[in-house]
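The structure appears right after this line, and notes come after that.
Each value in this text was obtained by applying a stated rule to the coordinates, not by laboratory testing. Just so we're clear, the structure is a prediction, and the values are computed from it rather than from any experiment. Reconstructed Cβ throughout: ideal geometry from the backbone, glycine too, with neighbour counts over all protein chains shown.
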Amino acid sequence: MTLNDRIPVHGEERPLKALFEDLRQLFGPRRTPLESLRIPEFHVQETPKEVLVFATLPGMSKKDILVSVTGNILTVRGVQRKGRAYGSFVRVFTLAAPVRAEQGQARFRNHVLQVVLPRLKAAEAKA
């Protein structure tokens, strides 16, 4: 027996790796608070009249989110907090069609962000 790969546990010898595997199963994977924060998943849906963007943002409030539209670029910024840890994310979308940013609406209810951007009509886009 070498000291590096076997240690006695309750009167029996077990490989050191097996002991650590038992501890990992008992306490779970070691994760820092920042690792438990995640980048939210966004869903973009385009209809003939509007562009819809949805995201589930658990643990966030309305004050943690900033939505902006410049030209055909939609930017969503947010800050996630979990205990003492926090992290931020930025998602930038290039929209396929021009939109009326001034008529756009963003709603945040039950941790779901919904952005509705009306599309410009073909005649308005050319002007």
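How high is the relative contact order of the stretch 33-126, given as a whole-number percent (alpha carbon pairs under 8 Å, six or more residues apart)?
Contact order relative to length: 30 percent.
Between the beta carbons of Asn110 and Arg84, assuming R0 = 25 Å, the FRET efficiency works out to 0.45 to the nearest 0.05. Rounded to the nearest Hz, the phi-derived 3J(HN,Hα) couplings of the stretch 64-74 under the Karplus curve 6.51 cos²θ - 1.76 cosθ + 1.60 (θ = phi - 60°) are 8, 10, 10, 10, 9, 10, 10, x, 10, 10, 9, where x marks glycine and proline.
Close amide-amide hydrogen proximity is noted between Leu57 and Val112, Leu113, each under 5 Å apart and 5 or more residues distant or on a separate chain (H modeled in the peptide plane; Pro and chain starts excluded).
Rounded to the nearest 20, the size of the Cβ-charge dipole of the stretch 33-126 about its Cα centre is 260 debye, with Lys and Arg at +1 and Asp and Glu at -1. The trypsin sites (Lys or Arg not before Pro) found in the stretch 66-127 that occupy coil by DSSP, while having at most 15 further C-beta atoms within 10 Å, are Arg84, Arg100, Lys121.
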